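No lab work stands behind these numbers, since they all come straight from the coordinates. A quick note: this is a predicted structure, and the numbers were derived from the prediction, not measured. Positions of Cβ are generated from backbone atoms using ideal geometry, with glycine treated the same way; all protein chains shown enter the neighbour counts.
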Amino acid sequence: MVKPAHHESAEAHVTGEALYTDDLVSRFPHLLHAWPVLSPHAHALVTYLNVADALEEPGVVDTLLAADVPGEGNTGANRHDELLFPVEITYHSQPVAWVLGETLEAARLGAARVVVQFEVLPAIVTIQDAISAKSFHSGPLRIRRGDAAAAIDDAPHTLAGELSIGGQEHFYLETQCAIARYDETGGIHVESSTQHPAETQEIVARVLGIARNQVTVQCTRMGGAFGGKEVQANPYAAIAALGTWKTKRPVRVRLPRRLDMALTGKRHPFFARFRVGFDADGLLRGLDLELYSDGGWSIDLSEPVLWRALFHSDNAYLVPALDARGWVCHTHKTSQTAFRGFGGPQGMVVIEDILERIARTLRLDPHVVRERNFYSEGDVTHYGQPVKDAGRIERIWNRLKETSEFNLRRAEIARFNAAHPHCKRGLAITPAKFGISFTATFFNQAGALVLVYRDGSVQVNHGGTEMGQGLHTKIREIAAQGLGVTVDAVRVMPTRTDKVPNTSATAASAGTDLNGAAVLDACTQIRARLVPVAAEMLGCDPAAVRFAAGRVSGGSGDIDIASVLDAAYRKRIPLFAHGFYRTPEIHFDAKTATGKPFHYFAYGAAVSEVEIDGFTGAHRLLRADLLQDIGDSIVPLVDLGQIEGGFVQGAGWLTLEELVWDAQGRLATNGASTYKLPSWPEMPEVFNVAFLERATEPGVIFGSKAVGEPPLMLAISVREAIREAIAAFGCECGGPVELDSPATPERIFWAVGKARRR
Ligand code: MTE
Ligand code: MOS
């Protein structure tokens, strides 16, 4: 089998020839640029708004205000709670109006001349304030198993605690961007950097008050998305479309970094409160858990994100009795949204934090307490789903301990730590179990449209979007194998709503599972139509016909696929097909919080080693060993990149990246100068990544498994290694290491001080 060595756009990425939405600007000579008028308050009423001066600004062509909206001026995907032109400002920098200019500079200068007056209202900026004020979008969402309170009370040991977990900026390299124009047929065409073109189409149609068939949305590729463009591309596409509607000219919206950071949602910060009961061996008996997420000004995807946090508050462990409740806090901040892992990481950090506290309370090694609590075959999660392949958790764990020389290095580290009073190393291993599928069952569907030309070349359209994760590369491989042509013969076309309608977001790591299966369905249909034609040409039994790499063989014959296609065409056989896929056997009832929301689980584990400087709290990641279950890899190099990238992104979230909002609700960390991102020096000095062997996943395209999000959660091992190292500054009898996330040098420094005093 010929495998493409690398990402289908790798050369174009490197040479700069790959086109992103904003690169299309030069194609539209009469294009206008849009710039927002921002609110300087997090919570306020707009009492006066006058754009007359702005229209005097040279180069300013028009403005966009509530009265210009022909349809519904609301881009909230589910609850319709996102006014495009708000009367009540609900987060700092919220756009009040937009100005259209011949140049970006003109639009900016015009926006500065818009006169707005506000009546300032008190703002809720922290989760704690939201809890006190009972300011919630939603909640409690609840998953229960057994009588957790009784199980905790009856347990030999109990612990209670709290944990704050910070959010994360997506920092996709390409910021939010859309270009709208009237197309050749009088419809609205929007080029959008969106993970969900069908929803962007829906929102544009809603705002313009027109039918969806009047709107075409295309996404050629994104320069990263990470969940940040699952719904949050929509308002910018809507503004561009509205500008086009009003002026009849192409309109471009692109947020520069500072605005993108100030305006768009992030990973949800969480606050957790827990009470846990356990026995002398560290076995969990019962857990009572409250999760509060910071949803920001609108609901966005906060509910499903919180569900996923609740689903993953077991990680890889059997919690016999559990009462997990969650609230989405309504704060006057950006509207927090999907981010790689979608709440799963926060849920998993909490349970890993708890297991460490249990271990240190009992003076056991955290890795021992972890493995004692693993799920085994036959176990069921707290929401009632059997943990299929639970045995893989231990298989991965034991294999990784071996390949990473876990025990040997623990002994070495103990010696190192004994010899270094001001510098300590820590080694930790953590598992990860991540559920694959959208928890909203209806999203688990996908369509494709495959066109085969008579020369044997192929165009593949499918509903998924490319954001750098390599979906198109995998689709190309699937189509090539599905049709029996070479990879070079297959072109994956830009994602467009007029090729495949009503598609789901490319998210939940399910892009290949869903769209790949739909593409294969189409290819299989086309191939089945070709078989009798080929059998006749080859003079063989239809059952003997084989398609591979552009050749068709059977009996003793071997012919070019183009000749078969041409013959089929002459027999008036269609050489194109649409494919469809829906994930079988999944369901979830939110009322009882039970069901089988996931098609399967992706498993993995990681060992991380860190070194902490006790004087500064700075840490270095010395080595990371990852083992991920990806089934049979369709494109190994792409999967490797996903695992490495996901891990480093997770380590950034847990150790470096700190979002700071000031008391007025203004994001103080709104650029790369104040928001620390992982870069080359933060990469582990030794980085070993392996795929689990003999891991074919039945019932998934080509036996593969989703890989987009799961590896991010392997980075929890870095956080746990840091806690190990902090503990090493104290005495043997030291208790749990309390450490809020992210583990910045400052937090580590204070935690080291606390450990030393014990
Ligand atoms: N990888 C790159 N390079 N860029 C991205 O934006 N997004 C992640 C992951 N990997 C992302 C990425 C997220 S949040 C998801 S859900 C998946 O890719 C989506 O793509 P898939 O379903 O095709 O894996
Ligand atoms: Mo990914 S957070 O599901 O877009």
Viscosity 1.306 mPa s, 10 °C: Kirkwood-radius Stokes-Einstein D of the stretch 255-330 over Cα pairs, µm²/s = 112 µm²/s
Could you give the length gained on full extension between HIS13 and THR158, defined as 0.36 nm per residue of separation minus the Cα-Cα distance, in nm?
-> 46.8 nm
Could you give P(r) for the stretch 300-360, binned at 5 Å from zero, as whole percent values over all Cα-Cα pairs?
-> 4, 17, 25, 23, 15, 9, 5, 2
Of the convex hull drawn through the C-alpha atoms of the stretch 613-758, the volume per residue in Å³ is 162 Å³
Filter the cross-link list LYS266/LYS676; LYS424/LYS754; LYS333/LYS676; LYS591/LYS705; LYS229/LYS388; LYS401/LYS433 down to pairs whose alpha-carbon distance in this structure exceeds 23 Å.
-> LYS591/LYS705; LYS229/LYS388
Grab the eigenvalues of the alpha-carbon gyration tensor for the stretch 113-215, scale each by 5, take roots, and send me the semi-axes largest first in whole angstrom.
-> 46, 23, 16
Just going by the charge dipole of the chain, with Lys and Arg at +1 and Asp and Glu at -1 on Cβ, which of ILE561, ASN78, HIS137 is farthest out on the positive end?
-> ILE561
Once you sort the root eigenvalues of the Cα gyration tensor of the stretch 391-513 as a ≥ b ≥ c, which label holds: rounded (a/c under 1.5), prolate (a/b larger than b/c) or oblate (the other case)?
-> prolate
For the stretch 478-594, the convex hull over Cα atoms projects on average to an area in nm² of 9.7 nm²
Quick one: in the stretch 38-90, what % of C-alpha pairs are over 15 Å apart?
-> 59 percent
For the stretch 1-97, just list the percent of Cα-Cα distances falling in each 10 Å bin from zero outward, please.
-> 12, 28, 26, 18, 12, 4, 1
Overall Cα dimensions of the stretch 428-498 - principal axes, largest extent first, Å = 54, 31, 20
Taking H as built 1.01 Å from N, whose amide H comes closer than 5 Å to the amide H of GLY227, not counting residues under 5 places away?
-> ARG340
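Stretch ASP279-ASN688 to full length: gain in nm at 0.36 nm per residue minus the Cα-Cα span? Walk me through the numbers before you get to the answer.
Working: separation 409, 0.36 × 409 = 147.24 nm, distance 3.56 nm.
143.7 nm is the gain from fully extending ASP279 to ASN688.
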In terms of Cα to Cα distance under 17 Å, which aspartates and glutamates are near enough to LYS248, apart from those fewer than 8 places away along the same chain?
-> ASP62, ASP68, GLU102, ASP183, GLU184, GLU191
Mind checking the log10 I(q)/I(0) for the stretch 449-532 at q = 0.16, 0.20 Å⁻¹? Debye, one equal scatterer per Cα, no solvent, two decimals.
-> -0.55, -0.85
Quick one: putting +1 on the C-beta of Lys and Arg, -1 on the C-beta of Asp and Glu, what dipole do you get for the chain around its Cα centre, in Debye to the nearest 20?
-> 400 debye
Could you pull out the longest piece of the chain with no exposed loop GluC sites (Glu not before Pro) in it, calling a site exposed if DSSP puts it outside H, G, I, E, B and it has at most 10 other Cβ atoms within 10 Å?
-> 185-584
State to the nearest 20 debye the size of the charge dipole of the stretch 43-173 about its Cα centre, where the only charges are +1 on K and R beta carbons and -1 on D and E beta carbons.
-> 460 debye
Rounded, prolate or oblate: which fits the stretch 659-715, taking a ≥ b ≥ c as square roots of the Cα gyration tensor eigenvalues, rounded meaning a/c under 1.5, else prolate when a/b beats b/c?
-> oblate
Hz values of 3J(HN,Hα) by residue in the stretch 435-443 - Karplus curve (6.51, -1.76, 1.60), Gly and Pro given as x = x, 9, 1, 6, 6, 7, 3, 5, 5
Can you pull the percent of Cα pairs in the stretch 541-612 with separation above 15 Å?
-> 77 percent
How much net charge surrounds CYS523 when only the other residues with a Cβ under 12 Å from the Cβ of CYS523 are counted, with Lys and Arg +1 and Asp and Glu -1?
-> +1
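I need the Kirkwood Rh of the chain: take the reciprocal of the average 1/r across all distinct C-alpha pairs and report it in angstrom.
27.4 Å
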Name the residues whose placed amide hydrogens come within less than 5 Å of the amide hydrogen of HIS170, ignoring near sequence neighbours (fewer than 5 apart) on the same chain.
-> ARG267
Rg(Cα) / (2.2 N^0.38 Å) computed for the stretch 73-145, rounded to two decimals | 1.57
In Å and whole numbers, how far do the C-alpha atoms of the stretch 396-468 stretch along each principal axis, longest first?
-> 72, 36, 26
Mind checking Rg over Rh on the stretch 232-386, alpha carbons, Kirkwood formula for Rh?
-> 1.16
Positive dipole terminus of the stretch 658-754, leading residue within PHE691, ALA751, THR674 (C-beta point charges) = THR674
Debye sum, Cα scatterers, the stretch 617-683, no solvent: what log₁₀ I/I(0) at q = 0.15, 0.25 1/Å?
-> -0.64, -1.12
Rounded to whole Hz, the Karplus (6.51, -1.76, 1.60) HN-Hα couplings of the stretch 46-53, x for glycine and proline = 7, 9, 7, 8, 9, 9, 4, 5
Just round it to a whole percent: the fraction of Cα-Cα distances in the stretch 361-437 exceeding 17 Å.
-> 57 percent
Diffing the stretch 622-635: the Karplus 3J(HN,Hα) column from phi (6.51, -1.76, 1.60, θ = phi - 60°), in whole Hz with x for Gly and Pro, holds 7, 7, 9, 10, 10, 10, 10, 8, 10, x, 8, 5, 7, 9
Would you mind checking which residues have amide H under 5 Å from ALA690's amide H? H placed 1.01 Å from N; only 5 or more apart, or other chain.
-> LEU626, LEU627, GLN628
